[in-house]
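Have a look at the structure below before the remarks.
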Amino acid sequence: MRIIPITKMSGTGNDFVMVDNRQGLLKEAEISKFVAAVCPRRISAGADGAILVEPATQPGHDFRMRYYNADGGEAEMCGNGSRCIAVFAYKLGAAGREQKIQTVAGTLHASVPEDGRSAKVRLSQPSTLEVKENVDVLGAKRDLYCMNTGVPHAVEYCQDVSKIEIKPRGAAIRYHEVFKPKGTNANFVQLLGNNEIRLRTYERGVEDETLACGTGATACAIVTGLVHGYASPVRVHIASGDVLTIHFELKDKTSAPPLLEGAVTTVYKGEFYWE
């Protein structure tokens with residue numbers, strides 16, 4: 001049995017197991033197995049994913065962020081996870097309050113207040129908006145607005161997101177042939193007016209609805225700016241009951257690198273007994 005020190009953190013409802021892997025506590029070949037063991041709910045620590053702090057492999061960065069979905073698969077990055085890792089690294093002493101973070105999706109710039117209760121992260125350059133019209137989703141034709149904000153997202157506008165059956169409809173979009181081979185995250189957006197939207201997200205890798213998705217909120221805010229004329233900053237009401245604030249600058253069917261802002265909570269520190 002091995003004992004792995006962990007920290008549980010929440011970024012406005014998106015929860016993660018954090019590991020300081022700067023000294024190689026987890027070897028490359030075993031990371032996915034560890035993540036698949038620690039993330040199940042009720043029978044383990046439980047989380048939407050796991051995030052590792054590792055030494056940067058590119059000059060000029062404070063550290064490298066490794067993000068894994070709950071199924072053990074490594075993903076490009078995670079918006080709310082990037083806010084959590086910024087606070088985690090600051091509390092570890094691995095970085096200061098102003099940070100440059102290396103990720104698969106590119107360089108992120110983070111800012112952490114002295115109290116460590118929130119974080120702002122400047123995400124990488126989003127892709128250009130792509131519209132897929134009349135996509136057959138569970139027998140109905142739907143327009144999907146697609147944008148990659150570090151990971152791919154599809155956005156569907158709805159009159160009332162509370163009435164959406166997220167798991168079947170989200171899965172139908174996530175696994176749809178138009179998004180093969182890697183699939184997409186599925187987001188359902190309700191316009192509230194006054195530059196505010198309500199969002200529910202089905203996350204790829206979690207394979208269910210999550211209480212928050214930072215890259216999803218960012219994609220939805222930018223798409224809503226492009227399609228419905230909403231102005232920055234857009235306040236995104238997420239399933240946890242919290243609000244994420246997205247700052248962006250629209251140009252040529254995309255945005256300059258956007259800023260994701262929201263609360264971060266350290267839930268507990270502990271030891272995971274791994275056999």
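Let's test the formula: R0 of 45 Å, r as the Cβ-Cβ distance of LEU191 and MET1. What FRET efficiency results, to the nearest 0.05?
Efficiency at R0 = 45 Å is approximately 0.30.
Give, rounded to the nearest 20 debye, the magnitude of the charge dipole that the chain has about its Cα centre when Lys and Arg contribute +1 at Cβ and Asp and Glu contribute -1 at Cβ.
The calculated dipole for the chain is roughly 160 debye.
Apply the Karplus parameterisation 6.51 cos²θ - 1.76 cosθ + 1.60, with θ equal to phi minus 60°, to every residue of region 195-201 and state each ³J(HN,Hα) to the nearest whole Hz, in sequence, with x for glycine and proline.
Taking θ as phi minus 60°, the curve returns 6, 10, 9, 10, 9, 10, 10 Hz for region 195-201.
Name the long-range amide H neighbours of GLY49: under 5 Å, sequence gap of 5 or more, or other chain; modelled H, no Pro or chain starts.
The list, which skips near neighbours in sequence, is VAL17.
Distance from the Cα centre of region 61-113 to that of region 204-275, in angstrom?
That distance is 15 Å.
Can you list the HN-Hα couplings for region 84-99, worked out from phi with the Karplus curve (6.51, -1.76, 1.60; θ = phi - 60°), rounded to whole Hz and with x for Gly and Pro?
Values per residue, Gly and Pro as x: 5, 5, 5, 5, 4, 5, 4, 5, 6, x, 7, 7, x, 6, 9, 10 Hz.
When the chain is fully extended, how far beyond the present Cα-Cα distance does ASP71 get from ARG22, taking 0.36 nm per residue of separation?
The span from ASP71 to ARG22 would gain 15.4 nm if fully extended.
Let a ≥ b ≥ c be the square roots of the eigenvalues of the Cα gyration tensor of region 72-200; is it rounded (a/c under 1.5), or, if not, prolate (a/b larger than b/c) or oblate?
prolate
Can you tell me, using C-alpha contacts under 8 Å and at least 6 residues apart, the relative contact order of the chain as a whole percent?
Once normalised by length, the contact order is 21 percent.
What is the angle, in °, between the Cα long axis of helix 214-228 and the longest principal axis of the Cα atoms in the chain? Nearest 10 is fine, range 0 to 90.
Tilt of helix 214-228: around 20 degrees.
Write down, largest first, the equivalent ellipsoid semi-axes of the chain in whole Å, where each equals the square root of 5 times an eigenvalue of the alpha-carbon gyration tensor.
Value: 30, 21, 16 Å, ordered largest first.
Ordered by residue, what ³J(HN,Hα) values in Hz, to whole numbers, does region 37-48 give under the Karplus form 6.51 cos²θ - 1.76 cosθ + 1.60, where θ = phi - 60° and Gly and Pro are x?
Each residue's phi maps through the Karplus curve to give 7, 8, 8, x, 7, 6, 9, 8, 4, x, 5, 6 Hz.
Only Lys, Arg, Asp and Glu count, each charged at its Cβ (+1, +1, -1, -1), so figure out the dipole size of region 130-256 about its Cα centre, rounded to 20 debye.
100
Could you give me D for region 130-256, from Stokes-Einstein at 4 °C and 1.567 mPa s, where the hydrodynamic radius is the Kirkwood radius over C-alpha pairs? Units µm² s⁻¹, please.
D = 91 µm²/s.
Would you list CYS220, CYS158, CYS39, CYS213 from fewest to most Cβ contacts within 10 Å?
Placing the least packed residue first, the sequence is CYS158, CYS39, CYS220, CYS213.
What does the C-alpha gyration tensor say about the overall shape of region 1-144? Classify as rounded when a/c is under 1.5, otherwise prolate if a/b is larger than b/c, or oblate.
It is oblate, given that a/c is not under 1.5 and a/b is not larger than b/c.
Once every DSSP H run of n ≥ 4 in the chain is given -39500 (n - 2.57) and the sum is divided by its residues, what mean residue ellipticity at 222 nm do you get, rounded to the nearest 500 deg cm²/dmol?
That calculation yields -5000 deg cm²/dmol at 222 nm.
Can you list the aspartates and glutamates whose alpha carbon is less than 13 Å from that of LYS167, not counting same-chain residues fewer than 8 positions off?
GLU203, GLU207, ASP208, GLU209
What residues qualify as long-range amide H neighbours of ASN14, i.e. H under 5 Å apart, gap of 5 or more or another chain, H built at 1.01 Å from N?
Under 5 Å from the amide H of ASN14 lie the amide H atoms of ALA212, each far enough along the sequence or on another chain.
Values in this text are rule-based calculations from the coordinates and carry no lab data. Just so it is clear, the structure is predicted and the values come from calculations on it, not from any experiment. Positions of Cβ are backbone-derived with ideal geometry, glycine not excepted, and every protein chain shown enters the neighbour counts.
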